[in-house]
Amino acid sequence: MSNKLQVLTPQNSQIIFIDQQPQMAFGVQSIDRQTLKNNVVGLAKAARIFNIPTTITTVETDSFSGNTFPELLAVVPDNDILERTSMNSWDDQNVRDALAKNAANGRKKIVVAGLWTEVCNTTFALSCMNDTDYEIYMVADASGGTSVDAHKYAMDRMVQAGGGPGTRAQGLAGRGSGRARQESHAGGYTLGGGAYGG
């Protein structure tokens with residue numbers, strides 16, 4: 001049975017936020033930018049509630065992209081920010097080490113929310129899947145591309161390679177399944193906008 005038939009749970013997954021930075025967001029045309037930011041923050045809050053390890057990585061903060069969204073940092077204030085010079089997060093040893101540390105504890109399902117879909121998300125996803133047995137789950141509405149087509153075809157490319165597409169609502173629903181912890185489930189429900197953001 002394929003591992004991809006398993007529901008995402010707090011025990012088998014981790015989250016990476018890639019380049020959630022103002023200048024990167026400024027170029028996004030595939031989704032309303034405020035909606036994008038709301039979804040990113042909602043995903044981070046779900047991770048906090050369910051104690052899911054979170055990695056935040058940024059690119060060229062001082063010279064181009066600006067600091068990570070303060071709304072995201074407010075949710076996970078103790079997280080290290082892994083700064084890079086390469087557009088491909090997988091090229092960075094610190095990023096690989098952070099993901100490997102969590103994967104060693106059974107968290108091989110990596111949920112990705114990043115900017116831009118067609119560059120930073122795609123290169124990371126393809127490289128990661130090529131080099132490891134990790135699974136990639138791309139959160140479409142917590143990621144954004146420089147056009148609707150750029151986002152769509154990048155998502156299609158990652159699905160072709162074996163990545164899993166989804167939305168913030170699906171991520172929350174998966175994490176709440178089983179209802180082992182009723183308070184956490186209720187928290188995820190609230191963050192999802194009453195009906196998982198539907």
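The values are calculated or read from the model by the stated rules, or taken from the named source; none is laboratory data. Predicted model, so just to flag it, every value in this text is computed and none were measured. No Cβ is skipped: glycine too gets one built from the backbone with ideal geometry, and neighbour counts run over all protein chains shown. To get the accessible areas, we keep the full protein, side chains included, count just its heavy atoms, and leave off ligands, DNA and RNA. Shrake-Rupley method; radii C 1.70, N 1.55, O 1.52, S 1.80 Å.
Annotations
- Ranking of Ser127, Ser89 by solvent-accessible surface, largest first: Ser127, Ser89 (1.4 Å probe, protein heavy atoms only, all chains present).
- Think of a 1.4 Å ball rolled over the protein heavy atoms: the stretch 46-130 then has 44 Å² of accessible area per residue.
- For the stretch 1-147, taking the reciprocal of the average inverse distance between every pair of different Cα atoms yields a Kirkwood hydrodynamic radius of 15.1 Å.
- Most to least accessible of Met138, Met129 (protein chains only, probe 1.4 Å): Met129, Met138
- Amide N of the stretch 71-103 lying under 15 Å from the label point, which is placed 7 angstrom from the Cα of Asn130 along Cα→Cβ: 87-92
- Value of relative contact order over the stretch 13-95, rounded to a whole percent, pairs C-alpha under 8 Å and six or more apart: 38 percent
- Estimated inter-spin distance, Arg157 and Asn67, nm [label 7 Å along Cα→Cβ]: 3.3 nm
- Ranking by accessible area, most exposed first, for Thr54, Thr85, Thr167 with a 1.4 Å probe: Thr85, Thr167, Thr54
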